[in-house]
Amino acid sequence: MSVNAQRKIAFVGSESYPFVKTGGLGDVMYALPRALIRQGCEVRVLMPYYNCIPQKFKDKMNFRGSFMMDLCQDGRAFFVGIMETELDGVIYDFIENREFFDWGNPYTGLWEDIPKFCFFSKAALAALNFLEWVPDIIHCHDWQAALVPVYLRTRFAPTPVGSARSILTIHNLRFQGICSIGHLKYWTGLPDYLFDYPVFKQNDDEANMFKGGLAYADRVTTVSATYAQEIQTTFYGEGLDGHLRYHKDKLHGIVNGIDVDIWNSETDELLPAPYSAADALEKKAQNKLALQEKLGLDEDPGKFMLGLVSRLTDQKGLDLVNAVFEELLDENTQVVILGTGDPRYEGAFRYYESQNKGSVCAYIQYNEALAHQIYASSDALMVPSLFEPCGLTQLIAMRYGTIPIVRETGGLKDTVAPYNEVTDEGNGFTFDRYEADLLLDAVRRAKALYLENRERWNEMVLRDMAKDVSWEKSAEEYLALYDELGTAN
Ligand code: ADP
């Protein structure tokens, strides 16, 4: 039996695939627990019971019980229900309260989200006590669960769950849960001394939930080694760089993986022509042709297809793409964009499509099936992010034999080795400074190899498909961290 056989881990976070996913956090909340189960851990995931969870999942949940919990400064009591389901060995406990979670979407704006996630964080700990399931580690994710380490060491310290240790993972530091000190004081009901500079206070008027969680967590992790360094600098630190430097001894970077069962081109039912490394080159061309037909692009598998699958926000480097869009195009190139977000990017990409019918498609939607088809069909995927804690799309691309073109930041830097023409090594094309001309240059280098030296290009496709982008190695690193913190008594 391995040393980890008895580890009990509770995950607390605001979203998890397949129930609710708005981005990479949802992928990690799904895949990491499964990888930990494979390593012999017992894992429970606690997340809100949102109204938008598809009925087919709700139908399979069992009611585990309910209780009343006080929350605010004035001791208002709130209903907490627990709905439970199991998926591949992972137990999911959904925290139910219609007042907070019946609105439909997970995130509805900070004014409602702050009370919502104050309630959720406290209710998650209360639920663990109610279920009489005391984990060794409570692994919390992003600002929505950042109050958990604080409640754990204060209000819950004398309760059974108080013996657990906590880890807080930063998936994206840009979102922190900031509001007036009075607002957070009221909703958390936490004592005044926590609203000073070492914990929640960040300036004369405002409190910051993430900041408090980072101070109280036993360990802090983020999703790549490079991002762990970057967030200690002013440029990437989102105002918390000083706080993170102060806590740097407990900060670790562990890169994300992807779920290699979901992202498996050989068994992917969403693809017209599933493929393995043995027939990738031929089948990728078939998928490209099918996608060109579906999206109204010129049907020619010889075209260099550049994909982009992304939330459309400035984080993702879309200003660079926008600045050189027309120059990316030529008679050999097609661009396929899938994403939703900021109206200025949605509008810009729609405009480019209207001006370049047959060679540009801007699909302004969240569409899981199309995402799979773009990863399979494209020759290269652009991820030119301004900052990128880890990034999953470049990992998925490599697994599907699609060459990533990335800026050397955060997890992109840690996962994509730059192509070296001399030694013929590397996984993709990279550039360092946040400059549109450098993106253009990287795309041109990729296109040149594709058009002029297909043999070497194809070797890189196969090299990328063989690269290990699974969770196994990272799950082991998390286990080592859990072990460092010991077991609950
Ligand atoms: P982030 O979490 O910052 O949005 P990541 O690269 O970590 O970025 O994760 C993005 C995830 O969301 C990937 O699984 C990607 O395929 C998916 N995704 C992003 N936009 C879309 C979209 N419009 N349709 C389908 N999937 C999308």
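The values are calculated or read from the model by the stated rules, or taken from the named source; none is laboratory data. Note that the structure is predicted; figures quoted are calculated from it, not measured. Using ideal geometry, Cβ is built from the backbone for each residue, glycine included, and neighbour counts are taken over all protein chains shown. Note: accessible area is taken over every heavy atom of the protein model, side chains too, but ligands, DNA and RNA are not part of it. Shrake-Rupley method; radii C 1.70, N 1.55, O 1.52, S 1.80 Å.
Give the residues of the range 245-264 that are over 30 Å from residue 377 (Cβ atoms) and in contact with a helix residue (DSSP H, G or I) (Cβ under 7 Å, 6 or more places away or on another chain), sorted by residue number. Don't jump to the end; show me each part of the working.
Going through the range 245-264, the residues over 30 Å from residue 377 (Cβ atoms) turn out to be 245-254.
Selection gives 247, 251, 252, 253, 254.
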Find the residue count for the range 323-367, including only residues that are under 15 Å from residue 443 (Cα atoms) and surrounded by 15 or more Cβ atoms within 10 Å (Cβ to Cβ). 8
Filter the range 336-385 for residues that are away from the ligand (no atom under 15 Å from the Cβ) and of a type in the set (A, V, I, L, M, F, W, C); which is farthest from the chain's Cα centre (by Cα)? 360
From 296, 302, residue being surrounded by fewer than 22 Cβ atoms within 10 Å (Cβ to Cβ) and touching a residue at least 60 places away in the same chain (Cβ under 8 Å): 296
So which residues in the range 402-414 are open to solvent by 10 Å² or more (accessible area, probe 1.4 Å) and either within 11 Å of the ligand (Cβ to nearest atom) or assigned to a loop (DSSP other than H, G, I, E, B) (or both)? 408
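Would you confirm, using the coordinates I've provided, whether residue 174 is in contact with a strand residue (DSSP E or B) (Cβ under 6 Å, 6 or more places away or on another chain) and either open to solvent by 10 Å² or more (accessible area, probe 1.4 Å) or over 23 Å from residue 77 (Cβ atoms) (or both)? Spell out how you get there, then give the answer.
Working: in contact with a strand residue (DSSP E or B) (Cβ under 6 Å, 6 or more places away or on another chain): no; either open to solvent by 10 Å² or more (accessible area, probe 1.4 Å) or over 23 Å from residue 77 (Cβ atoms) (or both): yes.
Criteria not met by residue 174.
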Sole exception among (1) more than 16 Å from the ligand (Cβ to nearest atom); (2) closer than 28 Å to residue 175 by Cα for residue 107, by number: (1)
Among the residues of the range 26-36, is any loosely packed, with under 14 Cβ neighbours inside 10 Å and not hydrophobic (A, V, I, L, M, F, W, C)? no
What strands (runs of 3 or more DSSP E), lying completely within the range 321-401, carry at least 2 residues that are aromatic (Phe, Trp, Tyr)? none
Among the residues of the range 391-401, is there at least one that is in contact with an Asp or Glu (Cβ under 8 Å, 6 or more places away or on another chain) and near the ligand (Cβ under 8 Å from one of its atoms)? yes
Any idea which residue in the range 439-465 is farthest from residue 384 (Cα to Cα), counting only those that are open to solvent by 70 Å² or more (accessible area, probe 1.4 Å) and among the acidic types (Asp, Glu)? 455
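At least 3 residues that are open to solvent by less than 10 Å² (accessible area, probe 1.4 Å) in each: list the strands (runs of 3 or more DSSP E) lying fully within the range 202-276 that qualify. Outline the logic, then answer.
Numbers: elements: 206-208, 219-222, 251-253.
Answer list for the range 202-276: 219-222.
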Restrict the check to the range 57-67 and report whether at least one residue is closer than 30 Å to residue 178 by Cβ and in contact with a helix residue (DSSP H, G or I) (Cβ under 7 Å, 6 or more places away or on another chain). no
When both residues are 6+ apart or on different chains and their Cβ atoms are under 8 Å apart, which pairs have a first residue that lies in the range 309-325 and is within 8 Å of the ligand (Cβ to nearest atom), and a second that is part of a helix (DSSP H, G or I) and among the polar types (S, T, N, Q)? 309/393; 310/393
If you go through the range 157-171 one residue at a time, how many are open to solvent by less than 50 Å² (accessible area, probe 1.4 Å), more than 16 Å from the ligand (Cβ to nearest atom) and in contact (Cβ under 8 Å) with a residue 40 or more places away in the chain? 5
